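Take a look at the structure below.
The values are calculated or read from the model by the stated rules, or taken from the named source; none is laboratory data. Quick caveat: nothing in here was measured; it's all calculated off a predicted structure. Quick reminder, even Gly has a Cβ in these numbers, built from the backbone with ideal geometry, and neighbours come from all protein chains shown. Note: accessible area is taken over every heavy atom of the protein model, side chains too, but ligands, DNA and RNA are not part of it. Shrake-Rupley method; radii C 1.70, N 1.55, O 1.52, S 1.80 Å.
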Amino acid sequence: MSDKPDDAPAHCPGTQSETAGKESACQGCPNQGLCSSGATRGPDLGAELVKGRLASVKHKLLVLSGKGGVGKSTFTSLLARTLAAEDSNRNVAIVDVDLCGPSMPRVMGVLDEQIHHSGSGWSPIYVEDNLALMSIGFLLASPDDAVIWRGPKKNGMIQQFLSEVDWGESLDFLVLDTPPGTSDEHLSVVNYLKQLGGLSAIILTTPQEVALLDVRKEISFCRKVGVKIAGIVENMSLFLGGLSAIILTTPQEVALLDVRKEISFCRKVGVKIAGIVENMSLFVCPKCKK
Amino acid sequence: MLDGVKHIILVLSGKGGVGKSTVSTQLALGLKESGFKVGLLDVDICGPSIPYLLKLEGHEIHKCPEGWVPVYTDEDKALAVMSIGFLLKDRNDGIVWRGPKKTAMIKTFLSDIYWQDVDYLIVDTPPGTSDEHITVMENVKSLPCDGAILVTTPQAVAIEDVRKELTFCRKTGIPILGIVENMSGFVCPSCQDCTNIFSSGGGRSLSELANVPFLGTLPIDPNVSKSPEQSIIKTIPDSQTATVFKSIIENLTSQKPTVSES
């Protein structure tokens, strides 16, 4: 990204340049004082803080989907719970970066918890001994409270979630639940975490074309920002009345359960299929058993 | 801005995937069936679904001296559609924009489109309460905005997000036309028995809690998704979905007796 602001004078040397604020073009620019002070040349402080906090995290999994309501939060919770249950020495954390519609507190069953602040940072909510959760839902006074923020403010909040939460001893997995779309929240998370390595994305979809349409955009997002795609998950494939059978595969244990539209879709877009989670396996009408 | 538009209706929901776009298109198609001239504006920049739902993918936007010409669904020019989907070269292209760029795009949509005479402009929004919503709200405030229809599904997890959207409307002073509960049960095609896949009644209890009108419950109806570009009122007029849309449209249009039907 260029370090020249969009509204900079014609021959702006760029805010990171050695000569920032000192060129003849800088005369009369409202930012001349700031540039010449050298403050703009320092490293991004927020990114440094995130690095300090999360550098030791081995795996960072982004749960993405262009479309809303496909089960990102449900999948995140199942994935995190499975990861945590498999090995009690494994530390798992969830960060809910959906600021306008946080669902993780409900999905994890910790709706009325409060975040506490200590010298070492915010204490997340522990769902299990080795499973911690941070969500903006814990910071809102009432469930009616809306977070009506534009991008930059959301960016600030996400940076705080990534840098100021005290996750305790070293984390093995950091699972990030995202809002639908390819915008501020996603860019912020990727910007902060990409430098640390170990970041990969799991893309969630439902079988309908209208969902796949948005999911293709998410894949193109991952390609543009350079995030590795760990796999695609097709949710709500079939429906089982009342009862549901949940079979979960994680990207580590490559297992193909179903060869369906999704697979041809994955081939078409050239994504390696790492695993498929099939939720609610069959639809049986409770009355006529069809 | 938006000269010639008589009524603006926003379709909102805090939650994604609850059927905002489907409700928007059915509403637009239904209003068109009733003889109104309708505009449909898709401000979901990152995930535009309207072109797909109306089978208009691949159409292009043209410019004329008065502004951008929206895409019309048929010869009668009774339904005009605008979406960022028409501006993308490839349907796989993702739009990776931060807020200010999305804001600028929506402002262009609101100010530079030549809608001509439109009785109702339906605005389909993305999930959330952020840049897109703030921009639309700021710009339509001074215009003849009827209000917002909130779409929800019955689950608590959707209701929670919709409550936030209600607060958004209250804080920003957008009147709430009512709540629609979508996907409230699946009617088995072989025995007509209704299964509440995602529980039921959430929308109604929310509307009672928030003291706003409840507009009806829409079941999961494969017929709607089979031909999303056609009005359910026309294709299967006896279905529950059609009845609910009819009553919503009656509600909307009877409040404004000033509109002359063409």
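Observations
- Within the range B:183-196, considering residues that are in contact with a strand residue (DSSP E or B) (Cβ under 9 Å, 6 or more places away or on another chain) and either at pLDDT 90 or above or open to solvent by 20 Å² or more (accessible area, probe 1.4 Å) (or both), the one farthest from B:Glu208 (Cα to Cα): B:Asp193
- None of A:Val92, A:Val97 is at pLDDT 90 or above, farther than 24 Å from B:Lys15 by Cα, of a type in the set (A, V, I, L, M) and open to solvent by less than 50 Å² (accessible area, probe 1.4 Å) except A:Val92.
- At least 3 residues being within 15 Å of B:Tyr120 (Cβ to Cβ) and either within 13 Å of chain A (Cβ to nearest Cβ) or in contact with a strand residue (DSSP E or B) (Cβ under 9 Å, 6 or more places away or on another chain) (or both) is the threshold, and among the strands (runs of 3 or more DSSP E) wholly inside the range B:1-105 those reaching it are B:5-12, B:38-42, B:79-83.
- Residue in the range A:174-212 that is farthest from the other protein chains (Cβ to nearest Cβ), counting only those that are crowded, with 21+ Cβ neighbours inside 10 Å and more than 30 Å from B:Ile50 (Cβ to Cβ): A:Leu174
- Identity of the residue in the range B:203-242, in a helix (DSSP H, G or I) and within 13 Å of chain A (Cβ to nearest Cβ), that ends up surrounded by the most Cβ atoms within 10 Å (Cβ to Cβ): B:Val224
- Applying the set (1) closer than 22 Å to A:Ile148 by Cα; (2) more than 14 Å from chain B (Cβ to nearest Cβ); (3) free of Cβ contacts under 8 Å to residues at least 24 places away in the same chain to A:Gly119 leaves exactly one unmet item: (1).
- Output for the range A:129-157, where each listed residue is part of a strand (DSSP E or B) and either touching a Pro at 6+ places or on another chain (Cβ under 8 Å) or modelled with pLDDT under 90 (or both): A:Ala132, A:Leu133, A:Met134, A:Ser135
- B:Glu138 out of contact with any Phe, Trp or Tyr (no Cβ under 9 Å at 6 or more places or on another chain), open to solvent by 40 Å² or more (accessible area, probe 1.4 Å) and either among the acidic types (Asp, Glu) or assigned to a strand (DSSP E or B) (or both): yes
- Test result for B:Arg163, within 8 Å of chain A (Cβ to nearest Cβ), basic (Lys, Arg) and within 24 Å of B:Leu252 (Cβ to Cβ): yes
- From the options A:Lys22, A:Lys51, residue that is within 30 Å of A:Leu174 (Cα to Cα) and at pLDDT 70 or above: A:Lys51
- Close contacts from the range A:213-225, counting a first residue that is within 7 Å of chain B (Cβ to nearest Cβ) and a second that is assigned to a helix (DSSP H, G or I) and open to solvent by 10 Å² or more (accessible area, probe 1.4 Å), with Cβ to Cβ under 6 Å and a gap of 6+ residues or different chains, come to A:Leu213/B:Tyr52.
- Test: residue in the range A:128-144 that is in contact with an Asp or Glu (Cβ under 8 Å, 6 or more places away or on another chain) and open to solvent by 50 Å² or more (accessible area, probe 1.4 Å): yes
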